[in-house]
Structure formats: structure tokens, C-alpha cells
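Visitor: Just dropping this structure here.
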Amino acid sequence: MNKFVKTAALAMGGAMLMSTPASAQITSINDLLAQVRQDAQQAEQENRTRISDFESVASQQSQKLNAAKSELATLERKAQTVQRTFDSNDGRIASLEGQLKTAQGEFGEVFGLARTKAGEFKVLLDSSIVTAQKPTRSNVLGKIAGSKALPSTDDLNQIWMLMLEEIEAQREVVTFKTDVANMGEGVEITRIGAFNAFTENGAEFVRYVAPKDGKEAFLTTLPKQPRGVPAKAASAVAGAGAGTMVAAPIDPTRGELLKSFERVPNTWERIQQGGFIGYIIVFFLLPVGVLIGLIQILRLLAVSGSVRKQSRSAQASSKNPLGRIMLAADEASGADGETLELKMDEAILRESPKLEFGLGLLKLFAGIAPLFGLLGTVTGMIKTFQPMMIYGTGDPQLMAGGISEALVTTMLGLIAAIPLLILHSFCSSLARGVQNTLEEQSAGIVARKIEDRRV
């Protein structure tokens with residue numbers, strides 16, 4: 001047993017020697033024991049310091065907890081006092097309201113009606129474009145509508161005075177400066193009664209957005225400006241001088257009619273509604289067909305001119321159809337009349353394909369354009385029935401895209417087919433005219449050749 005203790009002591013001593021700094025030289029067991037005692041005292045001192053710090057912090061936390069509990073109790077007492085005061089005042093208010101109702105008698109219904117009408121009229125004024133010029137005029141109506149007190153005589157007079165002011169404003173044509181949301185500050189606006197308004201510079205129609213959900217009212221230009229008569233009338237009013245009488249645009253729906261112009265598509269939007277098939281019709285069939293037709297017209301006019309020029313000349317030229325036929329007649333001048341006539345028919349047949357070159361393709365384009373339109377109609381109706389099958393027929397806007405594609409592609413196909421058919425008919429007429437001229441000249445050449453032989 002003693003041997004085991006000595007061995008353990010030596011091992012511990014060896015470990016301490018290994019962990020002791022080089023400055024502390026331990027040469028014996030006594031030095032090791034002294035070092036161990038010193039380390040134990042130091043650790044005990046550190047533990048006592050930690051315990052002291054913890055007890056100090058715990059005391060501070062306990063003091064803060066007690067202070068918080070005291071403050072909570074004080075606040076609870078105040079809350080009870082305030083609640084009692086609130087209940088007392090609430091009862092007193094109910095009692096006073098009862099006394100007021102009794103004192104008002106039948107006048108209470110009259111003043112209640114006045115408050116109701118003031119609120120309804122405030123909504124009307126807030127949505128009127130006249131308020132853009134006078135933004136604070138409906139404040140008194142809001143005061144009357146929201147007040148529980150009896151309205152004064154002046155307040156009641158304000159209701160009918162504002163009604164008369166709104167009626168008077170409906171016949172005015174006024175120019176004033178105000179802020180426009182997407183144009184900046186101090187923009188000159190011309191107001192046509194309470195119906196519509198537009199900018200003085202540029203005659204762009206503006207829309208008045210009434211206050212809603214805490215947001216302030218503002219003016220903004222229409223996303224898509226109306227064209228045609230309304231735009232011309234607005235420009236005429238904006239450019240008219242004082243005392244000049246011009247026609248002014250009036251929207252009896254107070255902006256809803258002009259707002260509907262946002263849903264009216266322009267030409268490019270119409271083409272987009274046709275989808276991929278519409279693009280094929282507009283950007284391939286129509287331009288390529290028109291280009292072919294114009295080229296054929298120019299070519300046939302040039303050929304017709306050269307044939308007419310050749311008909312007035314006895315010298316045959318191989319650069320035009322009639323000249324080549326005349327050369328063919330000269331080559332068969334020794335043949336009999338029947339053979340000569342057959343040679344001339346053969347020469348005319350050789351020239352006919354050259355005259356009709358491109359007409360078949362033009363006719364093809366004119367024929368398939370409405371077929372593409374019909375194809376777009378079918379695909380558009382398929383797109384229409386798909387949302388109907390899924391969502392039913394409750395919302396027409398779900399079907400609007402398919403119906404638009406169905407109708408627009410048909411329209412585009414007809415628009416492409418009509419000019420292509422006209423060009424084909426014109427080109428065919430020119431080609432037939434040249435062929436008739438060649439046949440007439442050929443018959444004349446044969447007749448002259450046979451007559452020359454008889455002579």
C-alpha cells in the first residue's frame with residue numbers, strides 16, 4: 001500500500017513538474033507540496049471573490065424586483081382610480097345624452113337628417129373634380145356629419161350654400177393652377193364644369209382621384225388619352241382666347257366615359273390580340289404578298305409598254321414577247337399557213353408562263369390569308385372554352401382574351417386577303433391584256449404572211 005502511495009505521489013509530482021513554469025524550479029517533494037498549497041489558497045481566494053460578486057449582484061437584482069413590484073402596485077391603484085373615473089364619466093355622458101335627446105324632441109330627427117345629408121353630400125363633393133380647385137370646401141360637411149353636438153345656423157347654411165356652389169360650378173369654364181401627380185406642381189388645368197378637365201398646355205385629359213382609406217385626393221393624367229373629337233375639342237378650348245366661343249368636350253359620366261378609353265386598344269394592341277397567327281398574317285402574308293403584287297405590276301407594265309413599242313416597229317427584238325413571236329414567224333416564213341399558225345401559237349404559249357409568273361403565289365397568299373384567320377378563330381374559341389370549363393361563365397373577362405384572338409385573327413385575315421385579291425386581279429388583267437395583244441399581233445402576222453404569198 002505504501003509502495004502504491006509513493007508511486008502515485010511521484011506521478012503527481014512529475015505532472016506538476018511538467019506543468020510548472022520554467023522559472024519555478026521544484027527540486028523536492030516539499031517544494032511540490034508548498035506549490036500545491038499556494039495554488040489551493042489562490043483558487044480559494046478567487047472562489048470567495050466570485051461568491052462575493054454574485055451575492056452583491058443578487059442583492060441589486062432583489063432591490064430592482066422590489067422596486068418594480070412597488071411601481072406595479074402603484075400603477076394598478078392608478079388604473080383602478082382612472083377606471084372608476086371613466087365609468088363615472090361614461091354614466092354621466094349617457095345621462096346628458098338622454099337629457100339632450102329629451103330636450104331636442106322632434107328637432108333631434110331634423111338634426112340627424114341634416115348630419116346624414118351632410119355626410120352624403122360630402123361624398124359627392126369629394127368625388128367632384130371641382131374639389132381639385134377648392135380642396136377644403138367639404139371640411140365643414142365632415143364636421144357636421146361627425147359631430148354629436150347640434151349644428152349651428154351657420155353650419156346648416158353651409159350645406160345649401162355648397163349645393164348652390166356645386167350647381168354654379170357646373171356651368172363654369174375655369175383655368176387654375178394645381179399639382180398633378182405625374183406632371184409636377186403648378187400645372188395649369190382647364191375645368192369644364194364638373195364634368196372633365198385637361199391641361200392648358202398640351203390639352204391632356206386629367207382624372208380626379210377622390211380621397212380614400214386615408215389617402216389624399218390628387219389629379220393625374222389619363223394613362224391613354226382619347227383621340228378624335230374629344231382631343232380636338234380640348235385643344236380648341238386650350239387655344240381659344242377670351243370671349244371666343246368654341247365647342248368643349250363634356251363627359252356626362254364625370255370621368256368614367258373618358259376612363260373607358262383606357263380599354264380601347266390601338267392598332268398595335270389589336271395586332272397583339274391576334275397572337276402568333278395574327279403576326280404571321282400581318283408580318284408575313286400581307287407584306288410579302290403586297291411586295292410580290294407590286295413587283296408583278298411594275299414588271300407587267302414594263303412588258304406591256306415594250307409590246308406596244310414593238311407593235312409600232314417592223315424590226316423584231318428578242319427583248320420583248322412580241323419581238324420573239326415576230327422572230328419565230330420569220331423562222332417559219334417558208335411554212336404553209338397552218339404550220340405558221342401553229343408555230344405562232346407555240347410561241348405565244350412559251351410567253352404565257354413568263355407573263356403569269358408570280359400570279360399563282362399571289363393567289364395562294366390571297367387564299368390562305370382568310371384560312372389563317374379562320375385558324376386563329378378556332379384557336380381563340382378553344383382558349384375561350386377552356387376557362388369556361390374551369391371557372392364557369394361568371395366572369396366575362398376570363399373569356400375576353402380568347403374571343404379577342406378569335407375575332408381579331410378573322411379581321412386580320414380579311415384585311416390581308418382583300419388587297420391581295422385586288423392585286424392579283426389587277427396583275428391578271430395586265431397579263432391577259434398583254435396576251436390578247438400578242439394573239440392579235442400573231443393573227444395579223446399570219447394573215448400578212450399568207451397574203452404576201454398569194455401576191
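Visitor: Amide H neighbours of Phe218 under 5 Å, counting only residues 5+ apart in sequence or on other chains, H built in-plane at 1.01 Å?
Guide: Val209
Visitor: Return the whole-Å distance between the Cα centroid of segment 265-281 and the Cα centroid of segment 170-205.
Guide: If we compute the Cα centre of each part, the gap is 35 Å.
Visitor: Another question, then. In this model, which of Lys134/Lys224; Lys134/Lys215; Lys122/Lys232; Lys117/Lys259 are farther than 22 Å apart at the alpha-carbon?
Guide: Working: Lys134/Lys224 26 Å; Lys134/Lys215 17 Å; Lys122/Lys232 34 Å; Lys117/Lys259 29 Å.
Violating the 22 Å limit, Cα to Cα: Lys134/Lys224; Lys122/Lys232; Lys117/Lys259.
Visitor: Here is a follow-up. Straight-line reach from Lys69: which lysines fall under 26 Å, measuring Cα to Cα and dropping same-chain residues less than 8 apart?
Guide: Lys78
Visitor: I need the peptides 224-235, 406-417 ranked by packing, meaning the mean over residues of other C-beta atoms within 10 angstrom, with the highest value on top. Kindly include the intermediate steps, with their values, before the conclusion.
Guide: Values: 224-235: 16.1, 406-417: 22.0.
Order by mean packing, descending: 406-417, 224-235.
Visitor: How about segment 169-254: which GluC sites (Glu not before Pro) there are in a DSSP loop, with at most 12 other Cβ atoms within 10 Å of their Cβ? Spell out each step's value before the answer.
Guide: Details: sites: Glu172, Glu185, Glu188, Glu200, Glu204, Glu216; in loops: Glu172, Glu200, Glu204, Glu216.
Those that pass, being in a loop and sparsely packed, are Glu172, Glu216.
Visitor: If I take R0 = 35 Å and measure r between the Cβ atoms of Arg432 and Thr267 in this structure, what FRET efficiency does the formula 1/(1 + (r/R0)^6) give, to the nearest 0.05?
Guide: Numbers: r = 36 Å, r/R0 = 1.04.
It comes out at approximately 0.45.
Visitor: What's the extension gain from Glu97 to Thr339 if we count 0.36 nm per residue and subtract their Cα-Cα distance?
Guide: Values: separation 242, 0.36 × 242 = 87.12 nm, distance 12.52 nm.
So the chain would gain 74.6 nm between Glu97 and Thr339.
Visitor: Sequence neighbours fewer than 8 away in the same chain don't count; with that in mind, list the lysines whose C-alpha is under 29 Å from Lys309.
Guide: Correct list for Lys309: Lys319, Lys343, Lys354, Lys449.
Visitor: Listed highest first by mean packing, meaning other Cβ atoms within 10 Å per residue, what order do 445-451, 91-97 come in? Walk me through the numbers on the way to the answer.
Guide: Values: 445-451: 15.3, 91-97: 10.3.
Highest-to-lowest ranking by the protection proxy: 445-451, 91-97.
Coordinate-derived values only; no laboratory data. Here the structure is a predicted model, which is why all the values come from computation and not from measurement. When we count neighbours, we look across all protein chains shown, and the Cβ atoms used for this are built from the backbone with ideal geometry, even at glycine.
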